[in-house]
Amino acid sequence: PTIVRIVCEESVRVPSAGALAAGWSRARGVPAAEVKWLAGCVEVIEEFFCPHPDDSALWRAVTLKNRQRSPLEAGLETGNGEGTLVRSLAVEPGASVSVLLEYSLTPDRRGWSCRFVEPPADPAAARAYWAETSRVTFGLPLLDRYFESSCFQLPAAVSASGRVDASIWQYNREWVRDHSWIAVGLVLAGQSRKAGELLERLLREFVTDRGDTIDSSEQRHPDEVELDQNGELLYALDQYTRWTGDLRIVREHWGRVEALAEFPLQDLFRHSPSGLLANVREYWERHRLHGVEPGMELAHQLFVELGLESAAGLARCLGRETQAERWTKESKRLHRAAYE
């Protein structure tokens, strides 16, 4: 029902999947999903964007461009969840006319509504927000597109409370691993506030006092703990601190940071002959149920080593030299065991 219908010269035209172009646009100074299609002699451009950084409202700008040499009278129709919204538009030859629709959640957040928003509606708050984020160009359109798309889409996956429904398969569960890398991406994208909210929630809710981490929203038996997650979260905290200079999160949650670093170093996980970390869990989450026997997973060695190095850097920032020296030593020991 939300599709845009253009009524012109007694015919109704709608977009079709095989006859439209879609992509990202920043023409209004904010990330917008832009769709272009033809309705006879009218070119239709739809832009979808969020006007407020901290609100769930969505704006939809619909622009009609008259491609003929005579004036045009057109009707624009769309559904608003309860009925039909209609707007009549007069467009001069070669000119464009735009209307703005706002979609928002109802107060109980169980439904939605849509209405026309009149000028001078302006996404000034969103423009100011995005002006402060990272802008990078690689001189290669494909790399530029990857970076910009990631910058635009990562914030949309993280709620205001730091929750993320991990993966494209809609597990409705959460992982320290996934969230840690999302936090790193947000930091590099210049969205440190959201990264901080996510990291603080991970320390508060996804790390136990012992230092083991939650995956798929569950606490695991030591045999099945994803040890790489400890290292990935420590690395994410280190990156956040380096890019922002903000030590508050690490300082206030130091007990959990320390537990994260120490947990994989228990004799429980130490394979004595090699010095490597061992249990019954591999990186793609197969375990004893799948026939996996006790062994060493390369990802566990790599990310725990990286995490210990990160933890040592954080400890030095807080003047905890004894812990810094210990974790540096353990990081190097694991590196030698794995690669030498």
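The values are calculated or read from the model by the stated rules, or taken from the named source; none is laboratory data. Please read all numbers here as calculations on a predicted model, not as lab measurements. No Cβ is skipped: glycine too gets one built from the backbone with ideal geometry, and neighbour counts run over all protein chains shown. In case anyone asks, the SASA skips ligands and DNA or RNA and just uses the protein heavy atoms, side chains included. Shrake-Rupley method; radii C 1.70, N 1.55, O 1.52, S 1.80 Å.
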List, in order, the whole-Hz ³J(HN,Hα) value for each residue of region 57-67 obtained from phi through the Karplus relation with A = 6.51, B = -1.76, C = 1.60 and θ = phi - 60°; use x for Gly and Pro. 5, 10, 9, 10, 8, 10, 10, 10, 10, 7, 9
At 1.4 Å probe size, with the rest of the protein present, what percent of the exposed accessible area of the chain is carbon and sulfur atoms? 52 percent
Amide H contacts of Asn279 (H built 1.01 Å from N, under 5 Å, at least 5 apart or other chain): Gly295, Glu297
Taking only protein heavy atoms into account and a 1.4 Å probe, give the accessible area per residue of the chain in Å². 52 Å²
The answer for the per residue Cα convex hull volume of region 232-301, in Å³, is 109 Å³
Residue range of the chain that is longest and free of chymotrypsin sites (Phe, Trp or Tyr not before Pro) which are both DSSP loop and sparsely packed (at most 12 other C-beta within 10 Å): 1-137
Can you list the HN-Hα couplings for region 11-24, worked out from phi with the Karplus curve (6.51, -1.76, 1.60; θ = phi - 60°), rounded to whole Hz and with x for Gly and Pro? 10, 10, 10, 10, x, 10, 4, x, 9, 9, 10, 10, x, 8
Enumerate the calculated ³J(HN,Hα) couplings along region 34-39 in order (Karplus 6.51 cos²θ - 1.76 cosθ + 1.60, θ = phi - 60°), each rounded to whole Hz, writing x wherever the residue is Gly or Pro. 10, 10, 10, 7, 10, 10
Average projection area in nm² (convex hull over Cα atoms of region 1-86, one quarter of hull surface): 6.7 nm²
Among Pro53, Pro120, Pro294, the residue with the largest mean-square fluctuation in a Gaussian network model of the chain built from Cα contacts under 10 Å is Pro120
Calculated from the structure, semi-axes √(5λ) of the Cα gyration tensor in Å equals which of (i) 36, 24, 20; (ii) 42, 22, 19; (iii) 51, 20, 18? (iii)
Distance between region 14-78 and region 125-160 - C-alpha centres, whole angstrom: 21 Å
Of all trypsin sites (Lys or Arg not before Pro) in region 79-122, the ones in DSSP coil with at most 15 other Cβ atoms within 10 Å are Arg109, Arg110
Suppose the chain between Arg135 and Leu38 were pulled fully straight at 0.36 nm per residue; how much longer would it get relative to their current alpha carbon spacing? 31.7 nm
